[in-house]
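Down below is the structure, laid out as structure tokens.
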Amino acid sequence: MEITGPWTRAAAAAGLLKDGVARPTVFAQMSARAAEHGALNLGQGYPDDAPPQAVTEAAVAAIRRGQNQYPPGAGEAVLREAIAEHQATWYGLRWDPAREVLVSTGATEALAATILALVEPGDEVITLEPFYDQYAAMIALAGGVHRTVPLTTRTDGATGDLVLDVDEAELRAAFSERTRLVLVNTPHNPTGLMLWVGALQAIVEEASRHDALIVTDEVYEHLTFGPAHLPIATLPGAQDRTISISSAGKTFSVTGWKIGWITAREELLTAITGVKQWLTYSSGAPFQPAVAAGLRLPASAFHDLAAELRSRRDLLTDGLREIGFRVSVPEAGYFTVADASPLGEPDADALAERLPSEAGVVAIPLSAFYRDGAAGEASSYLRLAFCKSRSTIEQALEQLDTWAAPRR
Ligand code: PMP
Ligand code: GLN
């Protein structure tokens, strides 16, 4: 019997299968390699840190008091209210917690439900490239056509560092009458790039001109190392056509809790809820009041986390630069991109395969965030995570240094 279904068919049509079968995500694959070789895992983006104590305590208390059965499909009122408050306090965005906020099973489900609710077969969906791998999978499942805007790369004259950027003209050129959605990921995975007012304004203008919707993935919103995150929904004319998605995973170091959320105007949210209710119905009962407590922590708690992460970014990027990689210094997020070509390694796919056994370190090849064969000059780039403990980063740098010595 041939085992196929809508996903296999869609993935085959979009070229997302490997040898005819759905492969595990690159993150799962590389975490398995880390376990197999006892290697340090700078691959999958999850932190070594514990969540803020108030958040942990609130989850434990919720379990103890019996909050263990199905919560309402749209999310517990206490969390929807905390999300609305968070959007108002941090960004001045007003949403009605009863009608314009939906709790989801991580940003992953929010993205899936949004794309499945709003993309018709043949509709175009624009993303940057590289892009978070789930986007291509969900666009394919919906029968959409994935259009990408490649990030530009250059070397900084003064530091020799790698600089990634988005070209506004290319962004505008990606829009057409077939564009249904533009999926904006800022701060960006895998590069840590943040989009600023010029690029965001261009997206809003083009989306308005072509009557397209904007979906924004803001899961790294609080992990910024310089200027604060600028949500596209705050731009004039944007809020009504924007579906904003975020998650507790990164902000509170709880990637395994899978609590995310969406804010959007009622008509859009109703369509998305229609899909969400058949995917999971509802999400993580005892974690919802805990995330609500987290969202209400004082601003200093958010800033402290970002400051700590910034120091680890510096530790990793300074170390990689000394070892001989060409590094990018991201403005936000969990990851740095490092070019291995100065060390005589032009093929990051092959290198990522060998690194666990050769250096005891796991990294993700940046090609995993491109359509098949589209990585171009990024073929020698690795993504390395700095959301790990200082000792893990230091140890990984030491091992990479030993590995690189004969290559310098
Ligand atoms: N979007 C981006 C850009 C991500 O990096 C991730 C992974 N954390 C997700 C969405 C998925 O988030 P969640 O773990 O909340 O499902
Ligand atoms: N967002 C995480 C990363 O980019 C991984 C999430 C996952 O494993 N699906 O590493």
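This table checks each residue for (1) touching a residue at least 12 places away in the same chain (Cβ under 8 Å); (2) more than 18 Å from D217 (Cβ to Cβ).
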position	(1), (2)
T127	yes, no
D133	yes, no
D156	no, yes
G160	yes, yes
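You will find that of A32, A54, A28, the residue that is within 16 Å of ligand 1 (Cβ to nearest atom), open to solvent by 30 Å² or more (accessible area, probe 1.4 Å), out of contact with any His (no Cβ under 9 Å at 6 or more places or on another chain) and aliphatic (A, V, I, L, M) is A28 and no other.
Listed here are the residues, each with its yes/no results for (1) surrounded by 22 or more Cβ atoms within 10 Å (Cβ to Cβ); (2) modelled with pLDDT of 95 or more; (3) within 16 Å of ligand 1 (Cβ to nearest atom).
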position	(1), (2), (3)
I63	no, yes, no
G66	no, yes, no
P72	no, yes, no
E76	yes, yes, no
L93	no, yes, no
T108	no, yes, yes
L111	yes, yes, yes
A117	no, yes, no
P130	yes, yes, yes
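Scanning the range 152-172 for residues that are under 27 Å from A113 (Cα atoms) and either surrounded by fewer than 17 Cβ atoms within 10 Å (Cβ to Cβ) or within 16 Å of ligand 2 (Cβ to nearest atom) (or both) yields a count of 1.
Would you confirm, using the coordinates I've provided, whether A374 is hydrophobic (A, V, I, L, M, F, W, C), within 20 Å of the chain's Cα centre (by Cα) and open to solvent by less than 50 Å² (accessible area, probe 1.4 Å)? It is true that A374 is hydrophobic (A, V, I, L, M, F, W, C), within 20 Å of the chain's Cα centre (by Cα) and open to solvent by less than 50 Å² (accessible area, probe 1.4 Å). Of note, R312 does not satisfy the criterion of being basic (K, R), assigned to a helix (DSSP H, G or I) and open to solvent by 20 Å² or more (accessible area, probe 1.4 Å). Restricting the range 245-256 to residues that are in contact (Cβ under 8 Å) with a residue 60 or more places away in the chain and crowded, with 21+ Cβ neighbours inside 10 Å, the residue that is nearest to L111 (Cα to Cα) is I245.
For the range 257-277, name all the residues that are among the charged types (D, E, K, R) and open to solvent by less than 10 Å² (accessible area, probe 1.4 Å). Result: K276, single match. A residue that is more than 16 Å from ligand 1 (Cβ to nearest atom), under 21 Å from L40 (Cβ atoms) and not in a helix (DSSP H, G or I) occurs somewhere in the range 346-359. Among the candidates R33, R23, the residue that is on the phi < 0 side of the Ramachandran plot and without any contact (Cβ under 8 Å) to a residue 60 or more places away in the chain is uniquely R23.
Looking at this structure, is A385 open to solvent by less than 40 Å² (accessible area, probe 1.4 Å) and more than 20 Å from the chain's Cα centre (by Cα)? Considered against the rule, which asks whether it is open to solvent by less than 40 Å² (accessible area, probe 1.4 Å) and more than 20 Å from the chain's Cα centre (by Cα), A385 comes out as no. Among the residues of this structure, L151 does not count as one that is more than 20 Å from F175 (Cα to Cα), more than 14 Å from ligand 1 (Cβ to nearest atom) and in contact with a Leu (Cβ under 8 Å, 6 or more places away or on another chain).
The values are calculated or read from the model by the stated rules, or taken from the named source; none is laboratory data. Quantities reported herein were computed from a predicted structural model and do not represent experimental measurements. When we count neighbours, we look across all protein chains shown, and the Cβ atoms used for this are built from the backbone with ideal geometry, even at glycine. These accessible areas exclude ligands, DNA and RNA; they are computed on the full protein's heavy atoms, side chains included. Shrake-Rupley method; radii C 1.70, N 1.55, O 1.52, S 1.80 Å.
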